[in-house]
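Engineer: Got a structure for you, written out below as structure tokens; questions coming shortly.
The values are calculated or read from the model by the stated rules, or taken from the named source; none is laboratory data. Computed from a prediction, not measured in an experiment: that's the story for all the values here. Methodologically, a virtual Cβ is constructed for each residue, glycine included, from the backbone with ideal geometry; neighbour enumeration extends over all protein chains shown. Just the protein is used for accessible areas: all its heavy atoms, side chains included, with ligands, DNA and RNA removed. Shrake-Rupley method; radii C 1.70, N 1.55, O 1.52, S 1.80 Å.
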Amino acid sequence: SLGFQDVLSYGSTSATSYKKLQGWSSDQNIWNEKLYPFWEQGDPRWKDCWKGGRVTAKLDTDSPALVGSNVTFVVTLQFPKCQKEDNDGNIVYQRNCTQDPPAAEDQQVYVYNWTEWIDNCVWENCTSNYSHNVFPDGRPFPHHPGWRRRNFVYVFHTFGQYYQTTGRSSAKFSVNTANITLGKHVMAVSIYRRGHSGYVPVARAKAIYSVTDKIPIFVSMFQKHDRNISDSIFIKDSPITFDVTIHDPSYYLNNSAISYKWNFGDGSGLFVASSSTTSHTYTLQGNFTLNLTVQAIIPVPCRPVTPTAPPPTPAVTTGASSNSDSSAIVESMEDNPDGGCHIYRNGYYRSGISVVEGILEVNIIQMTSIQMTESQAENSLVDFVVTCQGSLPTDVCTVVSDPTCQVSKSVVCDPVTISDECLLTIRRSFEEPGTYCINITLGDDSSQALASALISVNGGSSYRTTEGVFIFLGLLAVCATIGAFVLYKRYKQYKPIERSAGQTEKQEGLTAYFSSFKAVFFPNSTERNPLLKSKPGIV
């Protein structure tokens, strides 16, 4: 006779020494092979176990799990194309699918109509014969509401034990990890469907999960001027925001006291915080090592104090168990002044950080309208003189939007070469009069910054001029979504400014109103009828 270990172990060796998991059974029990046939991998019967193709199973887990917490598994069945589960748990062909079998428009075609089987008593005699409503170990199905519509049986196996349940096209369950040894383990599942005289295997799946005594943590970093959040290169003299996420999907640490101990590696010392978010500013360039220790003080029931227990520090297992073998997980306990007990858990994070100068500020210091000859008067030209602080830029983007700075009119991005001073003159032409929001962004490999202006362009008879007053904004903002900046990166060529003989430079009354900048990003950098164009020989 077959045992559960033979059916569920996937050829691997089952654990011989383990602590019992609550609600689970030993895989040494006998498997009912008559009601639940076992097929080896490669058995030709697998090809005919399901109408219309093969069913696959996907097993997911929210591992890693901190020891003592719950780890959750979700198995989902994926049916052949054009098949789905209906509200009654039957398998039907989807309408309007290319693989629909021949059928009338108003007729539902079933792959498996289990409702009809049950209602017509084909699958059982409807009186006292419930021999089919049992699991592989002979235990009866739980009679919860709708249990007859659960047409799949899921049998999970790990750590020398198995857990069985009924379900529809997916099943979800959690197991406490207090009695599971640290390290990586395999969770396997075998799925059976309802059949006429028993159950038919339809799919298998397995997943690796891990149990750890270190708090799983993830750290995200954000800096206002940082261009690439994933390269660990940041700008000096600009604060970096560190946000810590603790992976605790079962909320095991909800009642714990958690502290965050930071060492930023720049000689600023140890910083302890109770918040998961903090910020730090590096004032020097160079390479630094960031170290973070997250500590959780977890309240747990105290072990009763007995006079026969001489150890100075009491010990108790983190989970209840009737088995006291050597694989038990023992935690150090410490009495609290209020009589409670707790355990400590730590999580660690370490990362290298490079700090560079970067572009810290962009300013538009002058805007000048350019008079053109009558033959060239179809456009209005404006020169923008731009400076920056920090490192020298390698590219520039000009974004023209509506007056609200929310609707894009045009985007032009180009590489630039600056060898000495950060001073650029950018000439742009406007085909139509109106008011525009202008955003000029300078960037290098690791940083970017921008300046914003509101400019009014007016049209004339044979000349187009721009009138008004320039006001300096000094905007130190960076585009709020770094990824959107990449959408700019379809470069047109920038060239040095050259004055043509037919052009005379004239400072008209230039109207420019600077406003609070709101980052605006656009789905692409191509426009059908651009309002702003680059001219040959003009930056």
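Engineer: With the contact rule set at Cα under 8 Å and sequence spacing of 6 or more, what percent relative contact order holds for segment 360-457?
Structural biologist: Values: 220 pairs, mean separation 31.0, N = 98.
After rounding, I find 32 percent.
Engineer: Using a 1.4 Å probe on the protein heavy atoms, what percent of the accessible area of segment 360-457 belongs to carbon and sulfur?
Structural biologist: Numbers: 1400 of 3040 Å².
Here carbon and sulfur together make up 46 percent of the probe-accessible area.
Engineer: For every other residue with a beta carbon closer than 12 angstrom to the beta carbon of ASN291, add +1 if it is Lys or Arg and -1 if Asp or Glu, then tell me the sum.
Structural biologist: Numbers: positive: LYS261, ARG350; negative: ASP266.
So the environment of ASN291 carries a net charge of +1.
Engineer: For segment 199-250, what value does the Rg/Rh ratio take when both radii are computed over Cα atoms and Rh is the Kirkwood radius, given to two decimals? Don't skip to the answer; put the middle values down first.
Structural biologist: Values: Rg = 19.8 Å, Rh = 15.2 Å.
Radius of gyration over Kirkwood radius for segment 199-250 works out to 1.30.
Engineer: Report the net charge of residues surrounding ARG150, where surrounding means a beta-carbon distance below 12 angstrom and charges are Lys +1, Arg +1, Asp -1, Glu -1.
Structural biologist: Working: positive: ARG148, ARG149, ARG168, ARG193, ARG194; negative: GLU85, ASP88.
With Lys, Arg at +1 and Asp, Glu at -1, the neighbours total +3.
Engineer: So for ARG149, ARG194, what's the accessible-area order with a 1.4 Å probe, most first?
Structural biologist: Numbers: ARG149 75, ARG194 10 Å².
Ranked list, largest accessible area first: ARG149, ARG194.
Engineer: Over segment 200-298, consider all pairs of different Cα atoms and compute the Kirkwood hydrodynamic radius from their mean reciprocal separation; express it in Å, one decimal. It would help to have the intermediate numbers written out before the result.
Structural biologist: Values: mean 1/r = 0.0623 Å⁻¹.
After inverting the pairwise mean of 1/r, the radius is 16.1 Å.
Engineer: Which three semi-axes in whole Å describe the equivalent ellipsoid of segment 360-457, each the square root of 5 times a Cα gyration tensor eigenvalue, listed largest first? Walk me through the intermediate numbers first.
Structural biologist: Details: eigenvalues 119, 50, 24 Å².
They are 24, 16, 11 Å, listed largest first.
Engineer: Provide the net charge surrounding GLN41, with neighbours chosen by a C-beta distance below 15 Å and charges set as Lys +1, Arg +1, Asp -1, Glu -1.
Structural biologist: Numbers: positive: ARG45, LYS47, ARG54, ARG204, LYS206; negative: ASP6, GLU40, ASP43.
Cβ neighbours under 15 Å give a net charge of +2.
Engineer: Let me ask you something else. Can you sort HIS247, HIS280 by solvent-accessible area, 1.4 Å probe, largest first?
Structural biologist: Values: HIS247 50, HIS280 30 Å².
Descending accessible area places them as HIS247, HIS280.
Engineer: Can I ask one more? For segment 156-289, what does the relative contact order come out to in percent, with C-alpha contacts under 8 Å and a separation of six or more? Let's see the in-between values first.
Structural biologist: Numbers: 173 pairs, mean separation 22.8, N = 134.
In percent, rounded to a whole number, it is 17.
Engineer: What ³J(HN,Hα) values, in whole Hz, does the Karplus curve 6.51 cos²θ - 1.76 cosθ + 1.60 give for segment 417-434 when θ = phi - 60°, with x put for Gly and Pro?
Structural biologist: Each residue of segment 417-434 in turn: 10, 10, 9, 10, 9, 7, 9, 10, 10, 10, 9, 10, 10, 10, 7, 10, x, x Hz.
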